[in-house]
Amino acid sequence: MGGNGRQEDHASELREFLSLKKVADATSSYEDSKYVIFGVPFDCTSSFRRGSRKAPAAIREHYDNLESFDFNYGINYPDIPIADLGDLSVGEDAEEVVNEVENIVRIIRSDGKIPIMLGGEHSITVGAVRNFRDSLFVVIDAHSDFRLEYFGNPFNHACVTRRALELLGPGRCISVGTRSVSMEEFQSDQWKDVRFISSREVSQSGIGKVVREILDYSPGSIYFSIDMDGIDPSYAPGVGTPEPYGLRDSDVRYMINELSPIIEGFDIVEITPVYDNGNTSMLAAKFIQDFIGSREGKRKF
Ligand code: MN
Ligand code: MN
């Protein structure tokens, strides 16, 4: 043993302090996993309240407080093969980060696994969607994110749904919770090519009707992106660009529950922990459990 033994002890002790924190239920290796979580701490195109680069860490921290057993679905999450790869090391160029996300998600998809991406700002979603060209893009968002470019950058987080439309084509993108739109976006020729369902429409016709409409598109597979500002600020205050009159947390949960069997890619973006009281990160952590739980659970809730 001698000195080497001591160093081994130190190494494990140091890992306690310094190792990348993982989502608590992510006990699987990448090789054995079915769900692959990774963070993208990038927020360089954010226009108002920056800080979503801190969100992957905040979500993991709050996830620690969730029970590993979920009576709603009758499952124990550590029994499900979930891996957490940690965070992507990112620079400041949005296009580069989007390309890196595209590469990572391509690898995960090619291994038959389901990516769960923790943002970061919304721009990163474009990289993932490049790998889902045959899927339906379903996004929760207060904003239409339909600008051709913003501050001269087509990879700005205000352009995500526009980029998704270009990738997938008309009739393949559904945005739920819309309530903030510029005149230019609204008057663009392509506006009709995306189904924007306002938060007002959701509250009036009910989330059940929204889910049925999504399923009527018969996509077979969905990429599901949650911009947390789509949810009402009373449930999710810690976001970069808050907008009143949002969706209820339980409505988003219902969507996740009903659509999870055909969701093949999932992300949660735009949380700004410095403006959070903890509820937004906690809700994001719970959405991850609700996604995996309802997809895997034998029991109906
Ligand atoms: Mn967005
Ligand atoms: Mn938004």
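The table for this structure:
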quantity: Which listed residue, of ARG50, ARG60, ARG130, ARG106, is within 16 Å of ligand 1 (Cβ to nearest atom) and among the charged types (D, E, K, R); calculated: ARG50
quantity: Qualifying positions in region 127-148 - open to solvent by less than 10 Å² (accessible area, probe 1.4 Å) and out of contact with any Ser or Thr (no Cβ under 9 Å at 6 or more places or on another chain); calculated: GLY127
quantity: Tally of residues being within 14 Å of ligand 2 (Cβ to nearest atom), among the charged types (D, E, K, R) and either in a helix (DSSP H, G or I) or over 18 Å from the mean Cα position of the chain (by Cα) (or both) across region 139-162; calculated: 2
quantity: Residue identified as open to solvent by less than 50 Å² (accessible area, probe 1.4 Å), within 14 Å of ligand 2 (Cβ to nearest atom) and closer than 20 Å to ASP134 by Cα among SER175, SER182; calculated: SER175
quantity: Region 242-265: number of residues that are within 15 Å of ligand 1 (Cβ to nearest atom) and open to solvent by less than 30 Å² (accessible area, probe 1.4 Å); calculated: 3
quantity: Residue tally, condition in a loop (DSSP other than H, G, I, E, B) and among the β-branched types (Val, Ile, Thr), over region 260-283; calculated: 1
quantity: Scope region 214-240; condition touching a Ser or Thr at 6+ places or on another chain (Cβ under 7 Å) and part of a loop (DSSP other than H, G, I, E, B); matching residues; calculated: PRO219, SER221, ALA236, PRO237, GLY238, GLY240
quantity: Residue identified as out of contact with any helix residue (DSSP H, G or I) (no Cβ under 8 Å at 6 or more places or on another chain) and among the polar types (S, T, N, Q) among SER29, SER68; calculated: SER29
quantity: Residues that are in contact (Cβ under 8 Å) with a residue 60 or more places away in the chain, open to solvent by less than 10 Å² (accessible area, probe 1.4 Å) and away from ligand 1 (no atom under 16 Å from the Cβ), drawn from region 185-241; calculated: ILE214, ILE222
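Each row is one residue, and each column tells you yes or no for (1) in contact (Cβ under 8 Å) with a residue 40 or more places away in the chain; (2) open to solvent by less than 50 Å² (accessible area, probe 1.4 Å); (3) within 16 Å of ligand 2 (Cβ to nearest atom); (4) aliphatic (A, V, I, L, M).
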residue: ARG53; (1), (2), (3), (4): yes, no, no, no
residue: GLU67; (1), (2), (3), (4): no, no, no, no
residue: PRO78; (1), (2), (3), (4): yes, yes, no, no
residue: ALA83; (1), (2), (3), (4): yes, yes, no, yes
residue: GLU95; (1), (2), (3), (4): yes, no, no, no
residue: ARG106; (1), (2), (3), (4): no, no, no, no
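Residues are listed down the side, and each one gets a yes or a no for (1) of a type in the set (A, V, I, L, M); (2) outside any strand (DSSP E or B); (3) more than 12 Å from ligand 2 (Cβ to nearest atom):
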| site | (1), (2), (3) |
| --- | --- |
| PHE137 | no, no, yes |
| PRO170 | no, yes, yes |
| ILE197 | yes, no, yes |
| PRO242 | no, yes, no |
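The values are calculated or read from the model by the stated rules, or taken from the named source; none is laboratory data. Only a predicted model underlies this, so the values are computations on that prediction, with no experimental measurement involved. Counting neighbours? That spans all protein chains shown, and the Cβs are built from the backbone with ideal geometry, glycine included. With ligands, DNA and RNA removed, areas are computed over all heavy atoms of the protein, side chains included. Shrake-Rupley method; radii C 1.70, N 1.55, O 1.52, S 1.80 Å.
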